[in-house]
Amino acid sequence: MSNNIKVLLIGTGNMANEYYKVLKACEIETIVVGRGEERARVFKKNNNCKKVYWGGLENCPQEELKDVSHAIIAVNVPQLCEVTKQVIGARISNILVEKPGALSKDELSSINVMAKEKGVNIFIAYNRRFYSSVLKAQEIINNDGGVSSFNFEFTEWGHVIEKTNNDEITKNNWLLANSTHVIDLAFYLGGKPVQMNSYIGGRLSWHENGSNYVGAGKTDKGALFSYCANWDAPGRWSVEILTKNFRLYLKPMEQLQIQQRGTVKIDQVEIDDELDTCYKPGLYRELQAFLINLEKVGLMTLEEQISEFDIYMQIAGKN
């Protein structure tokens with residue numbers, strides 16, 4: 001990657017550590033800003049990073065922000081909107097925000113208005129779009145005439161999430177904050193819904209607005225789809241894509257399996273996944289698209305996330 005890039009990384013948690021691992025390997029100058037001093041000091045020590053500041057962006061020396069061309073925002077979900085607006089105010093031209101970007105369509109729209117006023121480009125980070133398995137699946141799909149139908153599952157392990165230290169706001173919006181990884185990938189490959197019926201049932205102690213999700217519809221590519229998730233039963237994330245001659249299994253998503261027409265045998269597809277084993281899967285190519293590729297191929301734009309938000313809310317039963 002180019003040495004002419006200077007990056008502001010906001011956040012010092014797990015995801016920020018993963019981003020910094022790639023940035024450091026690519027020898028990209030990076031300024032790190034966190035909120036709490038203790039975690040920032042741990043980040044600095046563990047990553048041998050020289051420029052780490054705490055107390056938020058307001059406590060970062062202005063001279064450090066000079067010539068910053070890109071910003072990556074990897075903070076907790078409830079803080080995404082506020083921090084993104086702060087970075088826009090700092091007039092940094094390109095911003096990659098961790099999914100889902102904000103907690104509501106109104107928040108996303110307000111960010112978009114501000115970004116357009118300042119001439120800032122904003123993208124939402126869905127790294128599974130850049131998995132080696134997904135890139136190979138796209139190649140097979142394109143060579144076989146496109147997707148005819150697909151299905152996906154976004155089951156979450158409710159008994160595990162309940163015991164995590166995630167804040168209550170994030171847990172209450174868990175489908176948006178986490179499950180959209182699967183939902184986005186499925187519609188990224190199969191097209192955006194133009195018709196969809198959704199059904200929700202059940203509840204959990206930490207998530208009263210549903211635990212059992214089922215739906216089906218049709219996309220703008222003419223593909224029929226269905227989905228399911230039961231957060232109070234065994235399951236896992238998965239996406240299955242059907243073309244004329246193949247059935248593709250992303251289950252787990254880091255791998256790709258294939259079934260050919262006329263056989264029940266399912267074979268493993270060989271993929272070059274070196275970057276996905278050296279770094280958090282998908283992250284290296286995602287940052288490459290954000291920092292280097294002028295066309296930003298594969299990245300979700302803020303406008304795209306706004307347009308998809310009603311879909312998420314319908315699936316979640318919140319529309």
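Toward the positive end of the charge dipole of the chain, about the Cα centre and with charges on Cβ (Lys, Arg +1; Asp, Glu -1), which of T180, I73, L283 goes farthest?
L283
Could you give the dipole magnitude of the range 130-256 about its Cα centre, charging the beta-carbon of Lys and Arg +1 and that of Asp and Glu -1, in debye to the nearest 20?
The calculated dipole for the range 130-256 is roughly 380 debye.
Please determine, in degrees from 0 to 90 and to the nearest 10, the orientation of helix 105-118 with respect to the longest principal axis defined by the Cα atoms of the chain, where the helix direction is its Cα long axis.
50
What size of dipole, in debye to the nearest 20, comes out for the chain about its Cα centre when the only charges are +1 on Lys and Arg C-beta atoms and -1 on Asp and Glu C-beta atoms?
120
What list of ³J(HN,Hα) couplings, whole Hz, do you get for the range 303-308 from phi and the Karplus terms 6.51, -1.76, 1.60, once you set θ to phi - 60° and write x for glycine and proline?
4, 5, 5, 4, 5, 8
Using a 10 Å cut-off on Cβ atoms, rank the peptides 248-257, 106-115 from the highest mean neighbour count down.
Order by mean packing, descending: 248-257, 106-115.
Suppose every Lys and Arg Cβ carries +1 and every Asp and Glu Cβ carries -1, with no other charges. What dipole size does the range 6-125 come out with about its Cα centre, to the nearest 20 debye?
The calculated dipole for the range 6-125 is roughly 240 debye.
Compute the angle between helix 80-89 and the longest alpha-carbon principal axis of the chain, please, reported from 0 to 90 degrees and rounded to the nearest 10.
Helix 80-89 sits at roughly 50 degrees to that axis.
Considering only C-alpha atoms, what is the centroid distance from the range 1-70 to the range 246-271, in Å?
Result: 39 Å between the Cα centres.
When I161, I88 are ordered from fewest to most other Cβ atoms inside 10 Å of their Cβ, what list results?
I161, I88
Relative to the longest principal axis of the chain, what angle (0 to 90°, nearest 10) does the C-alpha long axis of helix 37-47 take?
80
Can you work out the Karplus-derived ³J(HN,Hα) for every residue in the range 262-275? Use 6.51 cos²θ - 1.76 cosθ + 1.60 with θ = phi - 60°, whole Hz, and x for glycine or proline.
x, 8, 9, 6, 10, 10, 7, 8, 6, 9, 8, 10, 4, 5
Loop only by DSSP, 10 or fewer other Cβ within 10 Å of the Cβ. Give me the trypsin sites (Lys or Arg not before Pro) in the range 252-319 that pass, ordered by residue number.
Here the sparse-neighbourhood loop sites are R261, K265.
Where both partners of a DSSP beta bridge lie in the range 128-273, what percent of those bridges are antiparallel, to the nearest 5?
Percentage antiparallel, nearest 5: 85.
If we count every other residue with Cβ under 14 angstrom of L80's Cβ, Lys/Arg +1 and Asp/Glu -1, where does the sum land?
-1
In terms of modelled amide H atoms, which long-range or inter-chain residues lie less than 5 Å from the amide H of N173?
For N173, no residues qualify.
So for the chain, taking the charge dipole from beta-carbon charges (+1 Lys/Arg, -1 Asp/Glu), which of H207, C228, T243 sits furthest toward the positive end?
Farthest along the dipole direction, towards plus: T243.
Among N166, V264, M300, whose Cα sits farthest toward the positive end of the charge dipole of the chain (+1 at Cβ of Lys/Arg, -1 at Cβ of Asp/Glu, about the Cα centre)?
Among N166, V264, M300, the one farthest towards the positive end of the dipole of the chain is V264.
Taking amide H positions as placed 1.01 Å from N in the peptide plane, with prolines and chain starts having none, which residues 5 or more places from N121, or on another chain, fall under 5 Å of its amide H?
N94, I95
For the range 140-154, take each phi angle, set θ = phi - 60°, evaluate the Karplus expression 6.51 cos²θ - 1.76 cosθ + 1.60, and give the result in whole Hz per residue in order, putting x for glycine and proline.
5, 4, 5, 6, 10, x, x, 7, 9, 7, 7, 9, 8, 10, 10
Please report how many Lys pairs in the range 128-273 have alpha carbons closer than 18 angstrom, counting only residues at least 8 apart along the chain or sitting on separate chains.
9
Among residues other than G158 whose Cβ falls under 11 Å from its Cβ, what is the net charge (Lys/Arg +1, Asp/Glu -1)?
It works out to a net charge of 0.
Sequence-distant or interchain residues sharing an amide H contact under 5 Å with M300, placed H: which?
Amide H neighbours of M300: I124, Y126.
Where a number appears in this text, it was derived from the coordinates with a stated rule and is not lab data. This is a predicted model, so every value here is computed, not measured. A quick note on method: Cβ atoms are made from the backbone with ideal geometry, for glycine too, and the neighbour counts reach across all protein chains shown.
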